[in-house]
Amino acid sequence: MCDKIATSREHVPPFCLFPELKDTKGINFRKNLITVPSCDIHNSKKSDDDEFLLLSLSGLIKNNPLGSFHQLTKANRAIRRKNKNFIEKEVLRNHKYGKIQTTDGKFRIVSIGNPNYERLTKCLEHIAKGLYHHEFNERFKGELRMILEFIEYTDDNTQTLKKFLKRRFEVEKELNLEIKGDNPEVFYYQFHKPDKLGLVVLKTVFYGTAEAYFSFMGQDSKEPFDLVMKLISGGIHSFIELGDGKFEFNK
C-alpha cells in the first residue's frame with residue numbers, strides 16, 4: 001500500500017473473515033492463509049476496518065452456509081461488542097428491516113439499506129493490492145478499478161457493466177484459470193495473466209457468492225482504445241453481445 005518499511009505481515013483477506021476452530025468444532029478454515037509485508041499503519045491500525053468488512057460480507061443473503069454460519073457466530077459476537085446503532089451508522093445507511101420468504105416457505109427477517117460504499121471499497125482495495133503483491137512479488141503502482149457484483153448500483157450503465165463482467169467470467173471459465181486459496185468456502189481468487197498492454201484482471205469470491213472484479217492498470221500500461229466503451233462513456237446508445245447475452249447501455 002505504501003513505501004514505508006514493512007514491520008509485520010498482514011493477512012489477505014483479513015484473518016477475521018475465516019471462522020475460528022472453536023466455532024467449527026475442529027474444522028480448519030484457516031489453512032495456509034496469505035500474508036504480505038505491511039507497515040504498522042496498514043496493518044495494526046486497520047482492525048476496525050477488518051471488523052467492518054466481516055460484518056459487511058458475512059451477512060449477505062446469497063452467501064453459502066459457511067458465510068451464514070460465520071455471521072451467526074463471530075459476526076454476531078462483534079456486533080454485541082458495539083453500540084446498538086453500529087449497523088445503522090457504520091455498515092448500512094437508511095437501514096430498515098424486511099422479510100423474505102425462503103425456499104422452505106418460511107420467512108426470514110433481513111436488514112436492508114445502502115452499504116458504506118467508500119469504506120467497503122477501501123477495504124477491498126487493501127485485499128486486491130495485497131493479492132497483487134503475493135502474485136507478482138511487487139507493489140502495485142497505477143490505477144485500480146473495481147466493480148462489486150453483490151452491490152445494486154443506482155447508475156444503469158454500472159449495473160449493466162456489472163452483469164456483463166459476471167457473464168464474461170462465466171464464459172471465460174473455459175480458459176481454465178487457476179482458482180487460488182486453500183479455503184475456497186471462505187475465499188478464493190483468480191488472476192488473468194497480464195495482456196500485451198500490461199493490464200491485469202482479478203476476480204475474488206467471498207463465502208461462495210460475493211464476487212468482486214478488479215482491473216490493474218500499471219503506471220507503464222497503456223489504456224486500450226475500446227470503441228464500444230468510448231461510445232458508452234459518450235452517452236451513445238450501445239450494445240455488447242457476449243455468449244448468449246446482450247447488454248444494453250445508455251437506454
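For (1) touching a Gly at 6+ places or on another chain (Cβ under 7 Å); (2) surrounded by fewer than 14 Cβ atoms within 10 Å (Cβ to Cβ); (3) of a type in the set (Ser, Thr, Tyr); (4) at pLDDT 90 or above, each residue gets a yes or a no:
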residue	(1), (2), (3), (4)
Asp49	no, no, no, yes
Leu53	no, no, no, yes
Asp104	no, yes, no, no
Glu125	no, no, no, yes
Leu131	no, no, no, yes
Lys141	yes, yes, no, yes
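Select from the stretch 36-53 the residues that are under 20 Å from the mean Cα position of the chain (by Cα) and within 22 Å of Ala75 (Cα to Cα) and list them in ascending order.
Asn43, Lys46, Ser47, Asp48, Asp49, Asp50, Glu51, Phe52, Leu53, listed by residue number.
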message: Please verify whether Gly113 is within 18 Å of Leu55 (Cβ to Cβ) and surrounded by fewer than 17 Cβ atoms within 10 Å (Cβ to Cβ), treating the condition exactly as stated.
response: yes
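Take Asn32 and tell me if it is in a loop (DSSP other than H, G, I, E, B), within 26 Å of Tyr132 (Cα to Cα) and without any contact (Cβ under 8 Å) to a residue 12 or more places away in the chain.
Working: in a loop (DSSP other than H, G, I, E, B): yes; within 26 Å of Tyr132 (Cα to Cα): yes; without any contact (Cβ under 8 Å) to a residue 12 or more places away in the chain: no.
Here the answer is no, as Asn32 does not meet what is asked.
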task: Pick out the one residue from Ile151, Ile127 that is within 16 Å of Ser56 (Cα to Cα) and without any contact (Cβ under 8 Å) to a residue 60 or more places away in the chain.
output: Ile151
field: Hits in the stretch 56-67 (condition: surrounded by 22 or more Cβ atoms within 10 Å (Cβ to Cβ), in a helix (DSSP H, G or I), more than 11 Å from the chain's Cα centre (by Cα) and not hydroxyl-bearing (Ser, Thr, Tyr))
entry: Gly67
query: In the stretch 42-55, is there at least one residue being assigned by TED's automatic domain parsing to the domain that holds Lys99, assigned to a helix (DSSP H, G or I), of a type in the set (Asp, Glu) and over 25 Å from Thr209 (Cβ atoms)?
result: yes
Enumeration of residues in the stretch 1-22 that are part of a loop (DSSP other than H, G, I, E, B) and closer than 15 Å to Lys45 by Cβ: Met1, Cys2, Lys4, Ala6, Thr7, Pro14
- request: Restricting attention to the stretch 145-164, report how many residues are in contact with an Asp or Glu (Cβ under 8 Å, 6 or more places away or on another chain) and in a helix (DSSP H, G or I).
  value: 3
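The values are calculated or read from the model by the stated rules, or taken from the named source; none is laboratory data. Quick caveat, the model's predicted, so the values are computed rather than measured. Note that each Cβ is placed from the backbone with ideal geometry, even for glycine, and that neighbours are counted across all protein chains shown.
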